[in-house]
Every structure is written in C-alpha cells, then in structure tokens.
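A.B. asks: Provided herewith is a single structure, encoded as structure tokens, for subsequent inquiry.
The values are calculated or read from the model by the stated rules, or taken from the named source; none is laboratory data. Predicted, not measured: the structure shown is a model, and the values here were computed from it. Using ideal geometry, Cβ is built from the backbone for each residue, glycine included, and neighbour counts are taken over all protein chains shown.
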Amino acid sequence: MKEYNFREIEQKWHQNWVANKTYKVTEDESRKKFYVLNMFPYPSGAGLHVGHPLGYIASDIYARFKRLQGYNVLNPMGYDAYGLPAEQYAIQTGQHPEVTTFANIDRYREQLDKIGFCFDWDREVRTCALGYYHWTQWAFQKMFQSCFSLTPLTPSPKGEGEMLGGKARPIADLVAYFEQNGTEGLEQYGVACSEELNFTAEEWKAMDEKQKSDVLMNYRIAFLGETMVNWCPQLGTVLANDEVVDGVSVRGGFPVEQKKMRQWCLRVSAYAQRLLDGLNTIQWSDSIKETQKNWIGRSEGTEVLIKTTEGAEFTIFTTRADTMFGVTFFVLAPESELVEQVTTADQKAEVEKYLSYVKSRTERERMIDHTVTGVFSGAYGINPITGDKCPIYIAEYVLAGYGTGAIMAVPAHDSRDYAFAKHFDLPIVPLVEGADVSEESYDAKEGIVTNSPAEGKVAVEYDGESLCLNGKTIKEAIAETKRFVKAHNLGRVKVNYRLRDAIFSRQRYWGEPFPVYYKNGIPTMIPEECLPIELPAVEKFLPTETGEPPLGNATKWAWDEANKKIVDNALIDNKTVFPIELYTMPGFAGSSAYYLRYMDPQNNEALISEKCADYWQNVDLYVGGSEHATGHLIYSRFWNKFLVDLGVSKKEEPFQKLVNQGMIQGRSNFVYRIKDTNTFVSLGLKDQYDTTPIHVDVNIVKNDVLDTDAFKAWRPEYATAEFVLEDGKYVCGWAIEKMSKSMFNVVNPDMIVENYGADTLRLYEMFLGPVEQSKPWDTNGIDGCFRFLKKFWALYWGKDDQLQVTDSEPTADNMKTLHKLIKKVSADIEAFSYNTSIPAFMVATSELAQQKCTSKKVLEPLAVLIAPFAPHIAEELWEAMGHTTSVCDAQWPELDEKYLVESTVKVGVQFCGKVRFTMEFAADATSQQMIDQVMAAEESQRYLQDKQVVKTIAVPGRIVNIVVK
RNA sequence: GCCCAGAUGGUGGAAUUGGUAGACACGAGGGACUUAAAAUCCCUUGGCCAUAACGGCCGUACGGGUUCGAGUCCCGUUCCGGGCACCA
C-alpha cells in the first residue's frame, strides 16, 4: 500500500495553492457572500505556540465548509502591529520597532503557512502600514467633526425615520444652532456633552476662536478633555479603563494612579444605549453579552434638585425614588465642585482637612479599603418631598464620576448609607413593611411601602397634591414618585451609564500619530486631502528630557499651513507653521475597524468603496478570545456605529455571530531531584525521599515518561544526572499551568507539523474538546488522530501503490455510512462542535474499511467531507481520483435521508423504568404495536410473572416502559 | 456582595435536548505478527458482587423533589472558573 507521506503531500499542496491563487477572493455579485474573521494577532517575538491556531483552525474549517456549500467566502488575516513590546524592545536596543515588528510578522507568516489556512493573503492588513492608518486618522478626524444627538439639530427635509438611541451629526449643525439660539432649548435634542453649558446666541457670536473651540470640544465625539485619567508612571502613559485591572496595568502589572490631564477622548458614552440595544440583535454567548451589559451599566433613576438652607443647590441621582421619605442625610463626593459651594464658613477647615486626606489616598487604597470616612459640611439640604432638613456630608464612598456626584442617603435601605449612619450616629428610618433594620439595611427591591409619610405627618404640597406611597409595592412607589417629581418640576427622570468615555491618547512612540496641529492653542485638523500623516523618525524612543512624549524627539514635526506639508520644527513661528500633536493613538485605534478594511484593503480613495461595503456588509462569523469583551469588542462596536452614522459601514453591528475560543493552557512536567544530589527519582517513588520538583522541558517527555538521555543533554548540569526508576522508566509529575517559556511547557506547532503533519495538527486541535472551552494541551493523544489519517488514506489505496477506487455501485451499507456522516458533519460544523465530527469520521472510516468499500460514489464525497478539516490529504486524494481542479471548488455532498431510513429499530425495553433488554421493532410500529410485541415476548415473562400491569408507556422508535406491581 | 457559566471513568471528552450513561481517543493490561524493534492488528478496561455460563447491585459534585423514566427539569448545599463591584 502506498505510504501516507504527509511531508511530501503538504509541501506539494502549499506550493500548488500559492501558484494557483486558490484562496483569492473577489466580489462576485452572482454568489452569496460569507465573511469569516479571526481576531488578528499581535506579532510577538515569541512566535506562535500551539494555542494560537486553535481559533484559526476552527474558523478555517468553517470558511472551507461555506465555500464548499457555494458561498463566496472572505477569510482574511492580518496583524495588529502597533504595541508596547516592540516599543520597549526599541527603547532597550535602539532597534526601530518597525524592524522587530516586521521580523515577527515574517515569522508568524511562516508558521501560519505551514498549517494550511485558506487565507487570502492579498488582503493582508497591518495596522502600522501607512496605507492602513491613513483611515484610522481619517475616522478620528470625522469623529472630531461630529457631535451626537438623539434628534436632528436641523429639520430633516423628508422627516426621515430617526435612529432610536441617537446618531452622529456634523458639528456644523450644532454651530448653526448656536448662531441662532445659543444653548436655549438644546436639551430637547439630547446632545451628548461633557458638561451642560449655558449661553445665548449673542454670547456665542461674541466669543473668539479659542472660546468657540473650547465650547465645541464639549460636544465633539473625538474631543480634547481635561479628565481624570489612569496614569501609569512606569509605562509613562495613560491607559483606558479596560487596560487597568485592580489598580494595576494589564500589561506589566504596574501601579496606576488617578491624575487630571488633558487628553484626547472618544465620546463612547453617547453610544451607550445603542451598544446595549445592539446586543439583542447578535448571536454572541450570553456570558459575553452579560459582561458588556455590566460594563455599560445602564441604570434608570431620578434626579432631584435639593436646595440648602444657605441657598445653594445641587442635584442628586437615585434609582430608589421610593425611599425619599427615609432620607436622613445627603452626601457629596469629595472631588465634586459642589463641595465648595455648599460648605459653610465654620466647617471649612474641617472639610479641607478631609479633602487633603482623600487626595493622599491612591485609587488602589480606596478600592481595597472600605472603612467609613467623611465630614460634615455645615450645611443642610431640604428634602423637597418631606420638607425635612438633613445634614450634608462629604464622603469618599460617593464617586464624583457617576451620576451627579451627590446622593440622598437612605440608611434603612442601602448598606453603604447604613454603615455611614451607624458610624456618624445618624437616624435610620425604615420604609418597608416588616423590614428589620436593627442589624443591617434592607436593600431588597421588594415589599410594601409604609411610613411614607409617617403616621400623622403630611408631605409637602405642590399644586394641592402631596406624595403618599403607603401601601404601594416598591415598584409602584418608584413609578409614582417619578411621576410626582416630573409633574411638579422637582427634578427629572434620568438614565445613567457606567460606561465612560475612552481615553484616546497615549504618550508613546509606536502608534498612529494624530493628524492635528495646534494653532495658538486651538487644536486644528490637518486637511483631509493631506492625510495620511506619517509617523516621524526619532533618534530615541523614550520621552524627552522635558517630559514630552517620544514624538517630542522628532525634529521634523511641524505643520506648514500655507504649503500644506510637514516641515522642520525650527520653522515654527505660530503664524504659518505650527507644532503637531505629540501624542499617539492607543492600541484599539487600529483594531477597531480593521474588519472593514479587509473588504477593500488597497483602496487609497476611501476606507472602503461603496461597492465592497454593500457586498460584504459585516462579519458573519467572528472568532476570538473572550478577554476582549470590555475592550476591543466594545470599541469596535462603537467605531462601527459611528461609521454607520457616516454611511460608510452598512450594518449596525459589525460581528453578527461571535465564537469565543478557549485558551490552551500548558501541561508542565516535573522531575524530582533528591535534595543536595544530582539524582532524580521517578514520580511513584518520590515520597520515599526528600525531593524538589523541577520543571522539565515537555519536549523531552513522552506520555509522562522522561527520555533520560535527552535530559542529560538538555543542560550541562544534568549531564551526570542519575535516576531512580520504576519499572525501568522515569515517570514525570505534571501540572496544568499557563503556557510559557519559563515553565518549559510551550509546544510549538512547527514541531507537531514536522512530526505528524498539518492535517493531524488541525484534526487534533479540534478533537481536544469544544472550541469554546479552555483546556490544557496534551500532545499525548495526537497519535490517535495520526492513526486515523493513515487509516483514512488506506481506504483509497490498494496493493502495489494502486488506487483502489472503482466505479462499482456502493452497497446500502456504504451509503448509510456515508450519509450518516454527511448529516453529522454538516450539523456539527454549523454548530461549531468539531470535536464530535472527528469521532464520526473515525467510526465511518472503520465501517467503510470493514465493508471493503471501494466505490467512487462513496469515496469521492468522503474526500470532500474531510477537506475542511484536513485539506492537504483531501486535495491529494481528490487529484488521485482524477480531478484537475481543487477540492475547494467541489460541492458539499447533499444529504439524502432515504439511506438513513431503517426498517427496524432497536429499542430498550423498560420494566418499572429500568432497561431490562432490547428488542427490535418495525421502524413504523405504533406505541400499541410495540407494547403488544413486548407483552408477547419471551424475555418479558419473568418481569410479568404474578404481577399486575399498572401502566404502559411507549414512544415509537424510542422506548417502551411497562410498569408492574 | 451581585450577575453569568460549569462539575460525567486513570485522562481529554460523548450522550439524538427527558428515553440503553461513559461514543471516540489517549493511557493501562493481555495477546498476534516479527530474530528484534518500529509499525500494524485483535481482546479487556466505571465500581462492587458473582460465574462453567447467565447475571445482579451501585454509579454523572452533595441533599431533596417532579416524572413511568432525570447526567439532562425544579429547590437547596459545596467546590472551581469568568464578569461587575462604595455605580446610589
């Protein structure tokens, strides 16, 4: 029989695919499109390990399957090429990050090519390529030139249907509005802003350029904002919220502090509602939708205006409007501007002391340490519902960044307020029937409201009406209070989101430069036709001595406005030549719209052409890790929605279906050295000695048995190692850990491909378990898949290297095996459960081998079925069977149920719910026929003896159960 | 604290969605072929009891429940993983 020479086969087909451009994709209106995408990798210096290709293989199978079904499949790949590691390497070595990045990309490409993916490499994108980041810069400028409002600021000519949740509009519309009305009446349009401003049309017209620029910044979607940012001193840059976990940076784990800085931001918060609503229209896992919902954090509540006895006023936000009668104090956030307005003269010293204490605490300390602290402001607020005067406190448990930075405290029904009240000995007034608040607060949102108002008391009257909530459920009480507050103008119903605007600038070198220059302090866009603005060369990649970002080292980084070009810094005169922005964009800038660029990667006129956008629409299947849930997957959705508003992107949601592949963990091996010796003891005997476990390279261990010679050669200090063996073998211990160099548990795909071939690797990665599940890599099982491919190969080859595929008619058994497989595999791929298809292939292969099937009518479709999983072997067999075109262009075999119809079925016969034996029934037997047959059967008699039949249950084709007593 | 997902042999994992639990693979044990090794093939492999043979009982983290019948549905508990977290 002809040997399965995978090395020869795979090399042959790699060359063939390149030569024939087998995976080239073009827009083809005559065929339905299907867009499969993987999260593109950051090309790190370590290269790919066996975990990386998991998602690529899964989506490659899907892409190949869809192509076989006749779809025009887009399955591209590229590189998220800007990033910290390359920059840090550059700082250490002076090597330009582009050099290391390109070297890493080449290595990635080489590794990827070995695995046989059907990527169309002509569509490759790199975020650091000029032709690519052109459009990142362009999108930023469009965001700068846009504001966001719920309804159009100009009457729309056709009264077009408005997008629920608002959309981006030209900032010019807002300027026109200001010219006419100032800010008057603006609130009814729902314009997203950093803070609410008030001016008249005259005041607007009287403003100078700088003032107008500052006002508009308040509304732009990409804006320069003075905000609290996550500053990481060790990294020398600010970070977005999703880049900080537990007060330290995700990359490097360095402490992060809060700092007020002027930074570029994206008004992601404006899209909060659309981001939330969109989740209902996409096929993502519940857990990731949940994560995004939490991150967006919508809460519906009420804002109420509170006046102080001193005449100041502030607004509080509450989701529990029903508890207005239980308010016993108010609390302001220490960072809030209200503190200054409210604090009385005689409490000023105390308050200042407290504020400096709060300032001294780091974000991390505040997060971990929840002890009750606070100070009395000296002022009292008047509860507009009850008329009661309650003290106003300042305390760090109230956050400035959420709601209005001020709350009403209801200690009876909020655990935080409760702790505060206990500490400062403030009254606690319960409002829910049966609630016991002597030990803790009653936070639950269920129960009947009482004590609102208390017996014998009457709430404040407005227009002859006063609020009474007694006897209502909490839900009803909330609704009633909202109505009352609104009706009497005491406040308004308000929705708040936890989602913050994204900080969009970084103090780094290796990122997209901003196409912005500063014209006498006014940030100004470099004209669109002058884009892209190329990242300038610098000598050093560190910040400058004066603390400016690395781009401050660039000598040619000034904008000549008249000549529209970049010139030497020396020419800056702030009349015609101006300095350019020194910040660069963050990592998520380039990765937010890359899926669109794949549709039309070479286009220099636009991000994508209208034609390509219309054809490819959005990603049908997106595969990637769930760790991007609150980062990339939010930013991308935001960015896409903005581009939809611009008319560039065609679908509200960029990724219709999302599959999160699990992480591949490492399986480490250990040897046990007897203390103070160079002798190693096998796992089973180690307890007899005093040993230290030592990580050993998993590549010199097979099935947990150490190759002792390889071990001696591994490191010089082990050259003289001695072993205490069990059964003549050295057995290693093992543990599941992260795959990393330091644990010597990294398994490289190249090695697997070298030893077993790409097809075996692909099969085995899928066989390991569900794609979505995290699991340890264990090379041990791979032999099973390799053996299977050899058996599969053997189906086609007879003696003397001759193909044994004949034109003979297939038997009924042959067809049954084939169609069972078609049914199973088609359903599995569609459901992304490849791990169960491979066993199906194994079973079918051994069945066909047993049947001695040689019929072309079976073996041809079989080769097509395996093509998505093991494309090389499929191509080889396809060619051997006389085809001159690629198996990729074959037709996915159609299922014919008629081969699966059984004349008889085997059914378990139960007595009293327990299966006692199996019986054959006619496939179309009715329940009654089955029961009759069971009753008459000889086997049944022992269970029926002396007993009475109580009940009979039969499901045709499934089960018969006789209950006896 | 709140929300989400999960727990099945020595191991990775199947189970037509309420109908013969443990497919398939690894590992282990036994055997065949071979001078030998590799490769290949065959048998056994959840636990306990039993046997010349048939067979029986227990078993899907734990405790209850619904049902003729539960790995699957419901209630409670434990453990592991993920998200959010002074968000009012």
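A.B. asks: Looking only at segment A:848-863, filter to residues that are of a type in the set (A, V, I, L, M) and buried (at least 19 other Cβ atoms within 10 Å of the Cβ); which one of those is farthest from A:L818 (Cα to Cα)? I'd like the intermediate steps shown before the answer.
C.D. replies: If we filter segment A:848-863 for residues that are of a type in the set (A, V, I, L, M), which is where we start, we get A:848-849, A:858-859, A:862-863.
Now restrict to residues that are buried (at least 19 other Cβ atoms within 10 Å of the Cβ): A:848, A:858-859, A:862-863.
On the way: A:L848: 9, A:V858: 7, A:L859: 9, A:L862: 7, A:A863: 11 Å.
It comes out as A:A863.
A.B. asks: Which is within 19 Å of A:F744 (Cα to Cα) and among the charged types (D, E, K, R), of A:K702, A:K675? Please lay out each step first, then the result.
C.D. replies: Numbers: A:K675 fails: within 19 Å of A:F744 (Cα to Cα).
It is A:K702.
A.B. asks: Are there helices (runs of 4 or more DSSP H) fully within segment A:847-965 with at least 1 residues that are without any contact (Cβ under 8 Å) to a residue 12 or more places away in the chain and on the phi > 0 side of the Ramachandran plot? List them. Steps first, please.
C.D. replies: Working: elements: A:856-866, A:871-880, A:927-936, A:941-944.
Answer list for segment A:847-965: none.
A.B. asks: Among residues belonging to segment A:309-345 that are of a type in the set (S, T, Y) and crowded, with 21+ Cβ neighbours inside 10 Å, point out the one that is farthest from A:Y418 (Cα to Cα).
C.D. replies: Kept after step one, since they are of a type in the set (S, T, Y), are these residues of segment A:309-345: A:309, A:315, A:318-319, A:323, A:328, A:336, A:343-344.
Those left that are additionally crowded, with 21+ Cβ neighbours inside 10 Å: A:318, A:323, A:343.
Values: A:T318: 16, A:T323: 14, A:T343: 23 Å.
Filtering segment A:309-345 for residues that are of a type in the set (S, T, Y) and crowded, with 21+ Cβ neighbours inside 10 Å, the one farthest from A:Y418 (Cα to Cα) comes out as A:T343.
A.B. asks: Another one. Within segment A:666-687, is there a residue that is within 16 Å of RNA strand B (Cβ to nearest atom), among the basic types (K, R) and within 33 Å of the chain's Cα centre (by Cα)?
C.D. replies: Among the residues of segment A:666-687, at least one is within 16 Å of RNA strand B (Cβ to nearest atom), among the basic types (K, R) and within 33 Å of the chain's Cα centre (by Cα), which makes the answer yes.
A.B. asks: Counting just the residues of segment A:77-130 that are crowded, with 21+ Cβ neighbours inside 10 Å and of a type in the set (S, T, Y), which one comes out farthest from the chain's Cα centre (by Cα)?
C.D. replies: Here the answer is A:T101.
A.B. asks: Next up: With (1) farther than 30 Å from A:A206 by Cα; (2) among the aliphatic types (A, V, I, L, M); (3) surrounded by 17 or more Cβ atoms within 10 Å (Cβ to Cβ) as the list, and A:L150 as the residue in question, which single condition is left unmet?
C.D. replies: (1)
A.B. asks: Scan segment A:710-738 for residues that are over 16 Å from A:S682 (Cβ atoms) and within 16 Å of RNA strand B (Cβ to nearest atom) and jot them down.
C.D. replies: Within segment A:710-738, A:A735, A:I736, A:E737, A:K738 meet the criteria.
A.B. asks: Within segment A:89-106, does at least one residue satisfy the condition of being under 22 Å from A:V747 (Cα atoms), in contact with a strand residue (DSSP E or B) (Cβ under 7 Å, 6 or more places away or on another chain) and either modelled with pLDDT under 90 or of a type outside the set (D, E) (or both)?
C.D. replies: yes
A.B. asks: Answer yes or no: is there a residue in segment A:285-296 that is closer than 30 Å to A:E476 by Cβ and assigned to a loop (DSSP other than H, G, I, E, B).
C.D. replies: No, segment A:285-296 contains no residue that is closer than 30 Å to A:E476 by Cβ and assigned to a loop (DSSP other than H, G, I, E, B).
A.B. asks: Further question on the same structure: When A:L431 is evaluated against the numbered criteria (1) in contact with a Gly (Cβ under 6 Å, 6 or more places away or on another chain); (2) over 24 Å from A:V342 (Cβ atoms); (3) away from RNA strand B (no atom under 14 Å from the Cβ), which criterion, by number, is the only one it fails?
C.D. replies: (3)
A.B. asks: Something else: All but one of (1) touching a Ser or Thr at 6+ places or on another chain (Cβ under 8 Å); (2) polar (S, T, N, Q); (3) at positive phi hold for A:N451, so report the exception by its number.
C.D. replies: All conditions pass for A:N451, except number (1).
A.B. asks: Going by the conditions given, is A:R267 free of Cβ contacts under 8 Å to residues at least 40 places away in the same chain and away from RNA strand B (no atom under 11 Å from the Cβ)? Give the steps one after another, and end with the answer.
C.D. replies: Details: free of Cβ contacts under 8 Å to residues at least 40 places away in the same chain: no; away from RNA strand B (no atom under 11 Å from the Cβ): yes.
Criteria not met by A:R267.
A.B. asks: For segment A:394-403, which positions are more than 7 Å from RNA strand B (Cβ to nearest atom) and surrounded by fewer than 21 Cβ atoms within 10 Å (Cβ to Cβ)? Give the steps one after another, and end with the answer.
C.D. replies: From segment A:394-403, those more than 7 Å from RNA strand B (Cβ to nearest atom) are A:394-395, A:400; that's our starting set.
Matches in segment A:394-403: A:A400 only.
A.B. asks: Quick check on my filter: what residues within segment A:870-894 are surrounded by fewer than 21 Cβ atoms within 10 Å (Cβ to Cβ), of a type in the set (A, V, I, L, M) and over 36 Å from the mean Cα position of the chain (by Cα)?
C.D. replies: If the condition is that a residue be surrounded by fewer than 21 Cβ atoms within 10 Å (Cβ to Cβ), of a type in the set (A, V, I, L, M) and over 36 Å from the mean Cα position of the chain (by Cα), then A:A880, A:M881 are the ones that fit.
A.B. asks: Looking at segment A:494-515, which of the residues that are hydrophobic (A, V, I, L, M, F, W, C) and more than 22 Å from the chain's Cα centre (by Cα) is nearest to RNA strand B (Cβ to nearest atom)?
C.D. replies: So in segment A:494-515, the residues hydrophobic (A, V, I, L, M, F, W, C) come out as A:495, A:499, A:502-504, A:510, A:514.
With more than 22 Å from the chain's Cα centre (by Cα) added as a condition, the list becomes A:495, A:510, A:514.
Numbers: A:V495: 10, A:W510: 26, A:F514: 28 Å.
Residue satisfying both the conditions and the ranking: A:V495.
A.B. asks: Of the residues in segment A:277-321, how many are more than 6 Å from RNA strand B (Cβ to nearest atom) and either farther than 20 Å from A:N496 by Cα or in contact (Cβ under 8 Å) with a residue 40 or more places away in the chain (or both)?
C.D. replies: As a first pass, look at segment A:277-321 and keep what is more than 6 Å from RNA strand B (Cβ to nearest atom): A:277-285, A:288-289, A:292-293, A:296, A:298, A:300, A:302-316, A:321.
Next, only the ones that are either farther than 20 Å from A:N496 by Cα or in contact (Cβ under 8 Å) with a residue 40 or more places away in the chain (or both) stay: A:277-278, A:281-285, A:288, A:292, A:296, A:298, A:300, A:302-316, A:321.
Final tally of qualifying residues: 28.
A.B. asks: Considering only residues that are closer than 26 Å to A:D425 by Cβ, touching a strand residue (DSSP E or B) at 6+ places or on another chain (Cβ under 7 Å), more than 10 Å from RNA strand B (Cβ to nearest atom) and of a type outside the set (D, E), which ones fall in segment A:328-365?
C.D. replies: Within segment A:328-365, A:T328, A:F329, A:F330, A:P334, A:L338, A:V339, A:V342, A:T343, A:T344, A:Q347, A:V351, A:Y354 meet the criteria.
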